[in-house]
Amino acid sequence: MTKYLHLLTHTLPIESQFIRALPEHLNAEIILGTVTSVREALSWLSYTYLFARAMRNPQHYGIDYDDLMNDPQLSNWRTEQIVSVAKT
C-alpha cells in the first residue's frame, strides 16, 4: 500500500512525446482534409496535449520563459513547429 500511495502523491507530470511524430500526424491530417492551410494547422496543433504541456512547462519543449511572456498563446512557437514539419 505504501508503494501505491507514493505513486499517487509523488507523481511527475507526463510530458508529451507527440513532437517526435508530428510530421506523420500532420501529414495524416492533410491527407484527411482536416488541415488545408498553415492557419488550420496552427489551430489543430493548439488542440493537442503537446500544446497543453508546452503552455504548462515551456522549458521542457525548448521555449524560453520570456518567449512565453511575450507570446502567451505560443503562436510563434506553433508556427515554427508547423513550418518546420511541413518542410520535412
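What to note about this one:
- Gaussian network model of the chain, springs between alpha carbon atoms under 10 Å - residue of Leu68, Leu45, Leu12 with greatest fluctuation: Leu12
- Which of Thr9, Trp44, Tyr61, positive extreme of dipole for the range 2-87 (C-beta unit charges): Thr9
- Cβ crowding within 10 Å averaged over residues, with 74-86, 21-33 ranked highest first: 74-86, 21-33
- The chain - charge dipole about Cα centre, Lys and Arg +1 at Cβ, Asp and Glu -1, debye rounded to 20: 300 debye
- Order of Thr11, Thr48 under a 10 Å beta carbon neighbour criterion, fewest first: Thr11, Thr48
- Global geometry of the chain, whether rounded, prolate or oblate, following the gyration tensor of its Cα atoms and the 1.5 cut on a/c: oblate
- The value of relative contact order for the range 2-87, using C-alpha pairs under 8 Å at least six residues apart, is 29 percent.
No value in this document is a laboratory result; all are computed from the given coordinates. Source: prediction; values computed, not measured. Ideal geometry is used to build each Cβ from the backbone, glycine not excepted, and the neighbour counts take in all protein chains shown.
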